[in-house]
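Enquirer: Attaching a single structure in structure tokens format; questions to follow.
The values are calculated or read from the model by the stated rules, or taken from the named source; none is laboratory data. For clarity, every value in this text was computed on a predicted model and none was experimentally measured. Please note: Cβ atoms are built from the backbone with ideal geometry, for glycine as well, and neighbour counts cover all protein chains shown. Accessible surface areas use protein heavy atoms only, side chains included; no ligands, DNA or RNA. Shrake-Rupley method; radii C 1.70, N 1.55, O 1.52, S 1.80 Å.
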Amino acid sequence: MRVRKAVIPAAGLGTRFLPATKSMPKEMLPIVDTPAIHFVVKEAIEAGIDDIIIITGRGKRAVEDYFDESPELEMHLEKKGKKEQLEMVREISQMADIHYIRQKEPKGLPDAILRAEKHVGDEPFAVLLGDDIIKSSPPCIKQLIDVFEKYNSTVIAAQKVPLVEISKYGSIKGKLVEDRVYLVEDIVEKPKPEEAPSNVASVGRYIFTPAIFDCIRATPVGLNDELQIADSLTILRGKEDIYAFEFIGKRYDIGDKFGYIEAIIDFSLENKEIGDKVRDYLSKSIKC
């Protein structure tokens, strides 16, 4: 069955970016001039997904407003003859069929995914975390869809990280079944480096079968009184095979301050309007 729907959890409080996120959703933090969540939605669309569910919470109205029509702004741009900007604004509101579901309180990623059950139904679906922006061709989530279509089972995105950083991720123990594809044998949530089964980390892209919903309901509350996706995946492994795919592309962890700055620098350098100026500025700054 074709993957037609995507779930984008966006209900987190963004405490690592306080005080900025006190008054704005972390998903709206700009990468140069474009909100982070725009890149995530665009990735799903470019992978052929046309039905997107964003899981929101209190204080996330700006996310909904961003993808909505803006008659006043459009009227202003049209009156001023700013055709290029007008076209850009209209294109954003027409990107995809986007729905919003409220998560009353942040209880972890599995709970956010569970909010989308009624909309997803009995279809396989994608999950894209807004903390990860991934530059790749084809899109990272499309790479996972291709693996899903081959194995007809849950697929999670994987990336090798320095062992000293594995405590930030789910660590995957797996059997390599073909190039970049692992059959998952275990996944340990945020282990100490010396206790990690590998340096292959689970990162923010998934293709799930509907079986995940019952597994989430059976998941015990874990660290910080939240559900942990590694625990849900462990339960799911008793029902079906799970595969991890080491995607091709560059990932920016914009939930981390340094990762966020990395993204801003790289996207700035590629920006036609300011790229040369940024490159010149960085070159002079490094010499100082």
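Enquirer: Taking only DSSP H segments of four or more residues, each worth -39500 (n - 2.57), what value at 222 nm results for the chain once the sum is divided by all its residues, to the nearest 500 deg cm²/dmol?
Expert: -10000 deg cm²/dmol
Enquirer: Calculate the all-directions average of the projected area of the stretch 196-288's alpha-carbon convex hull, and give it in nm².
Expert: The directionally averaged projection comes out at 9.9 nm².
Enquirer: Still on this model: Please label the shape of the stretch 56-161 as rounded, prolate or oblate, based on the square roots a ≥ b ≥ c of the eigenvalues of the alpha-carbon gyration tensor (a/c under 1.5 means rounded; beyond that, a/b larger than b/c means prolate, else oblate). Provide the component values of the computation, followed by the final result.
Expert: Details: a/c = 2.40, a/b = 1.61, b/c = 1.49.
Note, shape of the stretch 56-161 comes out prolate.
Enquirer: Which peptide among 62-73, 130-141, 273-284 comes first, and what is the full order, when sorted by highest mean count of other Cβ atoms within 10 Å?
Expert: The most tightly packed comes first, giving 130-141, 62-73, 273-284.
Enquirer: If you roll a 1.4 angstrom probe over the protein chains with everything in place, what fraction of the accessible area of the stretch 18-145 belongs to carbon and sulfur, to the nearest %?
Expert: 49 percent
Enquirer: Right, here's the next one. In whole Hz and in residue order, list the ³J(HN,Hα) couplings for the stretch 245-250 that follow from phi through the Karplus curve 6.51 cos²θ - 1.76 cosθ + 1.60, θ = phi - 60°; x for Gly and Pro.
Expert: Each residue of the stretch 245-250 in turn: 10, 7, 5, 9, x, 10 Hz.
Enquirer: While we're looking at this one, here's another question. Pick from Gly174, Gly238, Gly81: which residue has the top mean-square fluctuation in a GNM of the chain where Cα pairs under 10 Å get a spring?
Expert: Answer for the Gaussian network model of the chain: Gly81.
Enquirer: Here's something else I'd like to know. What does DSSP give for the chain in terms of the percent of beta bridges that are antiparallel, rounded to the nearest 5?
Expert: Within the chain, antiparallel bridges account for around 60 percent of the total.
Enquirer: Which order do you get for Arg4, Arg16 if you rank them by accessible area with a 1.4 Å probe, largest at the top?
Expert: Listed by decreasing accessible area, they come as Arg16, Arg4.
Enquirer: Please give me the summed charge of the neighbours of Lys26: other residues whose Cβ is under 13 Å from its Cβ, Lys and Arg +1, Asp and Glu -1.
Expert: Details: positive: Arg16, Lys22, Lys60, Lys257; negative: Glu27, Asp131, Asp132, Asp253, Asp256.
Here the charged neighbours net out to -1.
Enquirer: Taking the dipole about the Cα centre of the stretch 1-80, with the C-beta of Lys and Arg at +1 and of Asp and Glu at -1, give me whichever of Met75, Ile52, Pro25 is farthest to the positive side.
Expert: Pro25
Enquirer: Shifting gears a bit: Of the listed values (i) 14.0; (ii) 14.9; (iii) 17.1, identify the label whose number matches mean projected area of the Cα convex hull in nm² calculated from this model.
Expert: Read-out from the structure maps to (iii).
Enquirer: Turning to a different aspect of this structure: Beyond 21 Å, what share of the Cα-Cα pairs of the stretch 140-224 remains, rounded to the nearest whole percent?
Expert: Details: 1203 of 3570 pairs.
So the portion of pairs separated by more than 21 Å is 34 percent.
Enquirer: Using a Gaussian network for the chain with springs between C-alpha atoms less than 10 Å apart, which of these wobbles most: Val127, Val221, Val155?
Expert: Val221
Enquirer: Name the long-range amide H neighbours of Ile53: under 5 Å, sequence gap of 5 or more, or other chain; modelled H, no Pro or chain starts.
Expert: Long-range HN contacts for Ile53: Ala6, Val7, Ile8, His99.
Enquirer: Additional query: Using the Karplus curve 6.51 cos²θ - 1.76 cosθ + 1.60 with θ = phi - 60°, work out ³J(HN,Hα) for each residue of the stretch 204-221 in order, rounded to whole Hz, and write x for Gly and Pro.
Expert: Couplings: x, 9, 9, 10, 10, 8, x, 4, 4, 5, 5, 5, 5, 4, 8, 7, x, 5 Hz.
Enquirer: Now for a separate question. Under a GNM of the chain (C-alpha, springs under 10 Å), which listed residue has the highest mean-square fluctuation: Ala11, Ala211, Ala201?
Expert: Of the options given, Ala211 has the highest mean-square fluctuation.
Enquirer: OK, next. For helix 36-46, what angle does its Cα long axis make with the longest principal axis of the chain, in degrees from 0 to 90 and rounded to 10?
Expert: The answer is roughly 70 degrees.
Enquirer: Also, I was wondering about something else. First check a/c for the stretch 180-240, with a ≥ b ≥ c the square roots of the eigenvalues of its C-alpha gyration tensor; if it is under 1.5, answer rounded, and if not, answer prolate when a/b is larger than b/c or oblate otherwise.
Expert: The shape class here is oblate.
Enquirer: To the nearest 10 degrees, how steeply does helix 257-270 sit against the main Cα axis of the chain, on a 0 to 90 scale?
Expert: The answer is roughly 50 degrees.
Enquirer: So if I place +1 on the C-beta of Lys and Arg and -1 on the C-beta of Asp and Glu, and nothing else carries charge, what would the dipole magnitude of the stretch 116-165 be about its Cα centre? I want it in debye, nearest 20.
Expert: Roughly 200 debye, rounded to the nearest 20.
Enquirer: Specify whether the C-alpha gyration tensor of the stretch 1-120 places it in the rounded, prolate or oblate class, a ≥ b ≥ c being the square roots of the eigenvalues: rounded for a/c under 1.5, otherwise prolate if a/b is larger than b/c and oblate if not.
Expert: oblate
Enquirer: Now, a different point. To the nearest 10 degrees, how steep is helix 275-287 against the longest Cα principal axis of the chain, on a 0 to 90 scale?
Expert: With both axes taken from Cα atoms, the answer is about 80 degrees.
Enquirer: Another question about this same structure. Give, rounded to the nearest 20 debye, the magnitude of the charge dipole that the chain has about its Cα centre when Lys and Arg contribute +1 at Cβ and Asp and Glu contribute -1 at Cβ.
Expert: Using Cβ point charges on Lys, Arg, Asp and Glu, the chain gives about 580 debye.
Enquirer: Anything over 30 Å Cα to Cα? Flag those among Lys142/Lys190; Lys5/Lys150; Lys160/Lys284, in the order listed. Show your work: numbers first, answer last.
Expert: On the way: Lys142/Lys190 26 Å; Lys5/Lys150 18 Å; Lys160/Lys284 33 Å.
Cα-Cα > 30 Å for Lys160/Lys284; rest within.
Enquirer: Just need the Rg to Rh number for the stretch 1-53, please, alpha carbons only, Kirkwood Rh.
Expert: In the stretch 1-53, Rg relative to Rh is 1.07.
Enquirer: Any of Lys22/Lys60; Lys107/Lys257; Lys60/Lys104; Lys168/Lys257 with alpha carbons more than 19 Å apart? Name them for me. Please list the in-between numbers first.
Expert: Working: Lys22/Lys60 11 Å; Lys107/Lys257 23 Å; Lys60/Lys104 12 Å; Lys168/Lys257 14 Å.
Listed pairs above 19 Å: Lys107/Lys257.
Enquirer: Tell me, what ³J(HN,Hα) does each residue in the stretch 80-90 have, in order and in whole Hz, if you take phi through Karplus 6.51 cos²θ - 1.76 cosθ + 1.60 with θ = phi - 60° and put x for Gly and Pro?
Expert: Taking θ as phi minus 60°, the curve returns 7, x, 8, 5, 5, 5, 4, 5, 5, 5, 5 Hz for the stretch 80-90.
Enquirer: Roll a 1.4 Å probe over the protein chains and send me the accessible area per residue for the chain in Å².
Expert: On the way: 15280 Å² over 288 residues.
For the chain, the per-residue accessible area is 53 Å².
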